[in-house]
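What follows is a set of notes on a single structure, which appears directly below.
Read-outs throughout are calculated quantities, based only on the coordinates presented, and are distinct from any laboratory measurement. Remember, predicted model here, so these are calculated numbers, not experimental data. Here the Cβ positions follow ideal geometry from the backbone for every residue, glycine too, while neighbour counts run over all protein chains shown.
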Amino acid sequence: MLEIKLGENGEVVLSGRFDASQADKAESFLADVKDSRVVDLKDLSYISSLGLGVLLSAQKRLMASGHSLRLVNVRGHVREIFHFSGFEQVFEIEPTPPA
Amino acid sequence: MISRVEKSFPRSAACLPEIFEFMEAFFERSGIAEPHRNPTEFAVEELFTNLVKYSRGGTRDISIELTREADRLVVSLTDFDVEPFDIRSLPDAKVDLGLEERKPGGLGIHLVRRMVDQIDYRYEDGRSTTTFVKSLE
């Protein structure tokens, strides 16, 4: 199950599993984001192609008005999926710092 | 060591939590290590949702079969009474494009190819079966 909320500093926090059954929830939350945001993925353990599409759509919409999403704490499976999707070309991505 | 399970699911993305539950129970029972689980679940989700969206003529439930062999996991999705649908013929996504040219969608099968080690396809008497292999080494 996916959880999506605003963190203490206004960042978007995604946690849990972002599969196709959760896309509507994320899409409707991100539709209310109108300016540049950090998206913290520290506790996101899984993402599928529909989840990628939701992030990509939000980025396209925001960049059209001069804003963007910056993805931080990208790790494990999610990092691998972003890499093979070429997301480094379209997002600023900050991996999890080494422990 | 060989263990095998099979279960059918209605053709709806709303079934995904149930599919993951079925897979996780099998992974636990057959000792599939953590790093192999997400890529396998990813491939099943993408193949399943592709069948739901694009398989022509499909109305029946989709069967998912998981087989643990010594050093690999073999996963088959079978769709019944449908036209042939071989995902191996689909092109890779163009992932080197800039944001303006990128369109959401088309990434699923591109990524499945990179998550698994082998993809096969078989069609017989209206049964359309996609099988993939995930090495456990």
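For the protein assembly as shown, what does -39500 (n - 2.57) per DSSP helix run (n ≥ 4), summed and divided by total residues, give at 222 nm, in deg cm²/dmol to the nearest 500?
One gets -10000 deg cm²/dmol as the mean residue ellipticity at 222 nm.
Could you check the simple spin-label distance between A:Asp32 and B:Ser3, using points 7 Å along Cα→Cβ, in nm with one decimal?
4.4
What net charge is computed for the residues neighbouring B:Tyr123, neighbours being all others with C-beta under 13 Å from the C-beta of B:Tyr123, Lys and Arg scored +1, Asp and Glu -1?
So the environment of B:Tyr123 carries a net charge of -3.
Straight-line reach from B:Lys103: which lysines fall under 28 Å, measuring Cα to Cα and dropping same-chain residues less than 8 apart?
A:Lys5, A:Lys25, A:Lys34, A:Lys42, A:Lys60, B:Lys53, B:Lys94
For chain A, list the DSSP H helices whose alpha carbon atoms reach 15 Å or more along the long axis and whose average Kyte-Doolittle value is -1.0 or above?
A:49-63
Enter the mean number of other protein chain beta carbons within 10 Å of the beta carbon of each residue in B:38-44, as an integer.
Average per residue, whole number: 4.
Of the peptides B:124-137, B:102-115, how do they stack up when ordered by the mean number of other Cβ atoms within 10 Å, highest first?
Highest-to-lowest ranking by the protection proxy: B:102-115, B:124-137.
Using a 7 Å offset from the Cα along the Cα-to-Cβ direction at both B:Asp125 and A:Asp43, what is the distance between the two label points in nm, to one decimal?
Simple spin-label model gives 5.1 nm for this pair.
Could you give the length gained on full extension between B:Glu137 and B:Gln118, defined as 0.36 nm per residue of separation minus the Cα-Cα distance, in nm?
5.4 nm
Counting only residues 5 or more places away or on other chains, whose amide H sits under 5 Å from the amide H of A:Leu44 once H atoms are built in the peptide plane?
The list, which skips near neighbours in sequence, is A:Gly16.
Just checking the output field for B:105-112: average partner chain Cβ neighbours within 10 Å of each residue's Cβ?
For this peptide, the per-residue mean of nearby foreign Cβ atoms is 5.
Over the whole of A:45-54, what's the average partner chain Cβ count within 10 Å per residue? Rounded to a whole number, please.
The mean count of partner-chain Cβ atoms within 10 Å per residue comes to 6.
Among A:48-57, B:30-39, B:48-57, what's the highest-first ranking by average C-beta atoms within 10 angstrom per residue?
Put in order of decreasing packing, that is A:48-57, B:48-57, B:30-39.
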